[in-house]
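*Asks:* Shown below is the structure under consideration.
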Amino acid sequence: MSRYITIHGHFYQPPRENPWLEEVELQDSAYPYHDWNSRITAECYAPNTASRILDSDRRIIDIVNNYSRISFNFGPTLLSWMERHDPETYHALIEADKISRERYSGHGSALAQAYNHLIMPLANERDKRTQVLWGLRDFEHRFGRKAEGMWLPETAVDLATLDLLAEYGVAFTILAPHQARRIRPIGEEEWVDVEGGSVDPKRPYQCHLPSGKTIALFFYDGPISQDIAFGGLLDNGEVFANRLNSAFVDEETDQLVHIATDGETYGHHHRYGDMALAYCLYHIEANELAQITIYGEHLEKHPPDYEAEIIDDSSWSCIHGIERWRSDCGCSSGMHPGWNQAWRAPLRGALDWLRDNLAQVYEEQLEGLFADPWQARDDYVEIILERSPKRLDSFIASQASTPLSDDDKSRVLKLLEMQRHELLMYTSCGWFFDELSGIETVQVIQYAARAIQLARDVSGIDLEDAFIGLLERAPSNIPNYKNGAEVYRMFVQPTVLDLRRVAVHYAVSSLFKEYEEKEHLYTYTATGLRYERSEVGRQKLAVGSVRVQSDVTMEDETISFAALHLGDHNIVGGARTFVNDETYDRSRTEL
């Protein structure tokens, strides 16, 4: 018998970017860091790229990149943030996958993930497909190879999702033990019921799918994974290693002991968890307790000799299946006893209504412009990955039914961005926690607001009032917030940006800093056309005109502005569409 051990870490944070600025704003709850991505990177993601191994005298005997020795997946939206804001950690992750291929017979330690962590069984077929395609393409773009496996958000699964994975060449996924329904040796007729988590996790299983395809399933060891995430196993790396080793049984067949937890366990949830992980792997290898491997390598060397059926609509973090993301099932963070989650169903209902209406706008507005609107959405990931003029021209040429004007190109981009935000508004964290007004839930509603704005811009159809009416059915646990409609008005509407508000920002900030002729303001480019500033004592006045262009949708507008600083925090300003030089001069005189 040969013994193998695999440790999988699911590294993920929800997208936190302001939908108009595409940057994460200050999050007070992450203090002393700017935001939660920054904090968790400092506590977990970065330390795991260079984790220390200490001897009995607490001297450093090695520094290792843990990612090169474990199985891991990172959410694509998190990697996008990391590439911009912590390139050193980002490149260490990419390098770890390259190193792992040398260690594990050509198989990489990184797995793909469905794009923005929505609950796949709750998505319609179109959104499922885009999530898989975007996740796989993002992975290939970053890691330079095709993904062998894909992590499903919250391990939420149904047969339709598995069929999609198999259709696009994904060889395996990882599930919780309680997601297995029954198993049997391949070729035999009698099934064995394993509901309740009694499946043997020490072997891979083959799952037959409705299409006739198959996919391999790994059901992780539940008790050990729970003890790592919520117990004290990470207090001591040797104890961690011995616990893994204790799961082997006295049999002649080869066995794989494998676990899966949130990757943030190793450093963020458990301080110095990265060092416990590093020492655990070191101890296993130094004492020849088992061979460290990853799923792809193990699957190649040990093809499934058992098959399994799954429990449809199940997940790893809700004992009720997938109800945590659509009903008041009782699952929550537990931070506020007495609160309910009666808001979950109305929120999902409002978003489903919005999704379906956005789809109609999308199809109608793209008619005659794109040959296949939904294929275009799937292919749009290429622009998300690299927003360059050359890439955009190539994309438009490949999709358009006829040559497009600049206005048509902007219109098309708005529609595709509308669809991107429709997908983002289903990010699972919006339902995971206790309260409708929490930052994760407000975030997904902001994505909805951006999609509504884009739909209105291209079609003239305003879905906002009806959407707010549906949100009114979602009750908040906090009396001052009342319901989703009030949450929308208080926390979402004030964040909505248009080109004029960008111009006002330009005007006000120009009172305190010198701008170049062309300035990049987040996802906008501001080109100054006219500018005059006057100062009298503590008072400053700026008047002028600026051309503001969105770097995402390519829409632009020339805007006249005025901003007056009266001292201290007293600032007034305004902007309006630039009409002509005569209007500009008259406005200036009136000021």
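*Asks:* Can you tally the lysine pairs in the chain where the Cα-Cα distance is under 17 Å and the two residues are eight or more apart, or on different chains?
*Replies:* 4
*Asks:* Moving to a separate point now. Quick one: check the C-alpha center-to-center distance for segment 148-175 versus segment 182-198, whole angstrom.
*Replies:* A separation of 20 Å, based on Cα centres.
*Asks:* Right, something else. Would you mind telling me the share, in percent, of accessible area of segment 403-462 contributed by carbon and sulfur at probe 1.4 angstrom?
*Replies:* Carbon plus sulfur share of accessible area: 47 percent.
*Asks:* Which value, in Å², gives the accessible area per residue of the chain when a 1.4 Å probe is used on the protein heavy atoms?
*Replies:* Counting only protein heavy atoms, the per-residue value for the chain is 42 Å².
*Asks:* So, with a 1.4 angstrom probe, what is the percent of accessible area on segment 1-83 that is carbon and sulfur? It would help to have the intermediate numbers written out before the result.
*Replies:* Details: 1430 of 3130 Å².
Result for segment 1-83: 46 percent of the exposed heavy-atom area is carbon or sulfur.
*Asks:* Carbon-plus-sulfur fraction of the accessible area of segment 194-269, 1.4 Å probe, in percent?
*Replies:* Values: 1320 of 3110 Å².
Result for segment 194-269: 43 percent of the exposed heavy-atom area is carbon or sulfur.
*Asks:* Using only Cα atoms, locate the centre of segment 25-76 and the centre of segment 271-306, then give the distance between them in Å, rounded to an integer.
*Replies:* 19 Å
*Asks:* Classify segment 267-356 as rounded, prolate or oblate from the Cα gyration tensor: take a ≥ b ≥ c as the square roots of its eigenvalues, call it rounded if a/c is under 1.5, otherwise prolate when a/b beats b/c and oblate if not.
*Replies:* Because a/c hits 1.5 or more and a/b fails to exceed b/c, segment 267-356 counts as oblate.
*Asks:* Then there is this: How high is the relative contact order of segment 209-363, given as a whole-number percent (alpha carbon pairs under 8 Å, six or more residues apart)?
*Replies:* Relative contact order here is 16 percent.
*Asks:* Mind pulling the angle between the C-alpha long axis of helix 389-399 and the longest principal axis of the chain? Nearest 10 degrees, somewhere in 0 to 90.
*Replies:* Between the helix axis and the principal axis of the chain, the angle is about 80 degrees.
*Asks:* If you take the beta carbon distance between Glu288 and Asp551 as r and set R0 to 60 Å, what does 1/(1 + (r/R0)^6) give as a FRET efficiency, to the nearest 0.05?
*Replies:* 0.60
*Asks:* In the full protein assembly as shown, how much of Tyr12 is accessible to a 1.4 Å probe, in Å² to the nearest 10?
*Replies:* Accessible surface of Tyr12 is approximately 20 Å².
*Asks:* Quick one: 3J(HN,Hα) in Hz for segment 224-233, Karplus 6.51/-1.76/1.60 with θ = phi - 60°, rounded, Gly and Pro as x.
*Replies:* 5, 4, 5, 5, 6, 6, 10, x, x, 5
*Asks:* Starting from the 7 Å offset along Cα-to-Cβ, what nm value, one decimal, do you get for the label separation of Cys329 and Lys146?
*Replies:* 3.4 nm
*Asks:* Using θ = phi - 60° and the Karplus curve 6.51 cos²θ - 1.76 cosθ + 1.60, what whole-Hz ³J(HN,Hα) does each residue of segment 166-183 get, with Gly and Pro shown as x?
*Replies:* Calculated HN-Hα couplings, in order: 4, 4, 9, x, 6, 7, 7, 9, 10, 10, 7, x, 6, 8, 8, 8, 7, 9 Hz.
The values are calculated or read from the model by the stated rules, or taken from the named source; none is laboratory data. Keep in mind the model is a prediction, meaning the values are calculated, not measured. Every residue, glycine among them, receives a Cβ derived from its backbone with ideal geometry; neighbour counts consider all protein chains shown. Protein only, heavy atoms only, side chains kept; ligands, DNA and RNA dropped before computing areas. Shrake-Rupley method; radii C 1.70, N 1.55, O 1.52, S 1.80 Å.
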